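In what follows, a structure is listed as structure tokens, so that the remarks can point back to it.
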Amino acid sequence: MKECVALGLFSGGLDSILACRVIAAQGIRVIGLKFVTPFFEEELLIRQKEYEEEVYRQYGLEVKLVDMSSDYLQLLDKPVYGYGKHFNPCIDCKIMMLSKARDLMPRYGASFLISGEVVGQRPMSQRRDALRVIERDAGCEGLLLRPLSAGLLPPTRPELKGTVDRKQLYGFSGRGRRQQQQLAEQLGIIDYPAPAGGCMLTDPNLAIRFKQYYKGFFPCGKTRSVEDIRLLTFGRQFKPDEDIWFILGRDERENNRLASLRGPDDWLVNMTSRPGPLGLVRHAQKTLARSAAKKELISRLAGLVVRFGKKGRDSQERAEVAFDKGDEQERGFFAPVTEEEVNLWRV
């Protein structure tokens, strides 16, 4: 007899864990798809095998990572259903994930899809009308089973065919967590993540940066890139001139990350005479190097590095700053910029 396979949208949260386990308990092989982008859990890509083993060890679930970064950058340009409170296109995001999961069904020999959505749990993407729109636009009508709220929704194809026993599904609704916690206890699931606040696009501070980036506020290459997004997620951000994008690390970890994300036309800036932050001038070869105000801009950038570096005996003490251009290095002594200038240029 042919093995029955279902693909589950696996966020790693309790709802997705429960949804996958409930279906797996009916003798169906469940493969969880963990979607990642620069805005949520991209770091898992560098330890993919380790993560997949962790999930299997903790929850007995098979999981595969799916990187949808490039398509997601395009989605953010103009989501059909708009944004949430900040820059989060939750409905379009779910449609994209389900569309990709549907496209992957032949690869894994899957006959239907699962998600951990609960009716009424999220105001934007889990209203009844939104749930219908999502499965319709993703081309998943009849294919998408929501085990935690199935009792409140029309039967899906696997239920009608008898592949899944509808009586063993649930009718959860609302924002409360008690029902899910009780089910987790019944299934022996003890160690699970607390409810998360969402991806970076729901963070009020980061969302402003992302929105500005998409409006053209930050100078970038010909097309938006994953690398640009990564640079927006940390550090102090500055625009000391219309065409200059400057990022300063706030600690050693961020300094190291800046160095690792350096592109071929970026410049690195640091103090040589005492400890301080590392700065990165994004696309400097195309902007700073060709600017008529290059000398003044270099003074501003160096002054920012000195301003946030370790102070000498005198807070106004100049320091030697090096500009690493890749094929050559330029050095000079610079004074820190003023607090007024910091606030003027800070993003």
Sorted by Cβ neighbour density within 10 Å, fewest at the top, the residues 283, 86: 86, 283
Theoretical FRET efficiency, 1/(1+(r/R0)^6), r = Cβ-Cβ of residue 317 and residue 256, R0 30 Å, to 0.05: 0.70
Local electrostatic count at residue 285 - Lys and Arg +1, Asp and Glu -1, tallied over other residues with Cβ under 11 Å: +1
Dimensions (Å) - segment 5-186, Cα atoms, principal axes, largest first: 42, 38, 34
Potential lengthening between residue 290 and residue 85 on full extension [0.36 nm per residue; Cα-Cα distance subtracted]: 69.9 nm
Fraction of antiparallel bridges per DSSP, the chain only, in percent to nearest 5: 55
Reciprocal of mean inverse Cα separation for segment 203-345 (Kirkwood radius, Å): 15.3
³J(HN,Hα) computed for each position of segment 44-49 - Karplus, 6.51 cos²θ - 1.76 cosθ + 1.60, integer Hz, glycine/proline x: 5, 5, 7, 9, 4, 4
Amide H contacts of residue 66 (H built 1.01 Å from N, under 5 Å, at least 5 apart or other chain): 34, 35, 36
Cα centroid separation - segment 18-88 against segment 105-156, whole Å: 16
Net charge, residue 120 excluded, C-beta distance under 9 Å - Lys, Arg +1, Asp, Glu -1: +4
Proportion of all alpha-carbon pairs of segment 153-212 beyond 18 Å (%): 62
Rounded Å value of the spacing that divides the Cα centres of segment 171-246 and segment 268-345: 30
Length released on extending from residue 214 to residue 190, taking residue separation times 0.36 nm less the Cα-Cα span: 4.5 nm
Computed P(r) (all Cα pairs; the chain; 20 Å bins; percent): 27, 44, 25, 5, 0
All lysines inside 26 Å of residue 167 as judged from Cα atoms, apart from same-chain residues fewer than 8 positions distant: 2
Among beta bridges that DSSP assigns inside segment 5-186, antiparallel share in %, nearest 5: 5
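Throughout, read-outs are computed from the coordinates displayed, never taken from laboratory work. What you are looking at is a predicted structure, and each value in this text was computed from that prediction instead of being measured. Heads up, the Cβs are rebuilt from the backbone with ideal geometry, glycines too, and the neighbour counts pull from every protein chain shown.
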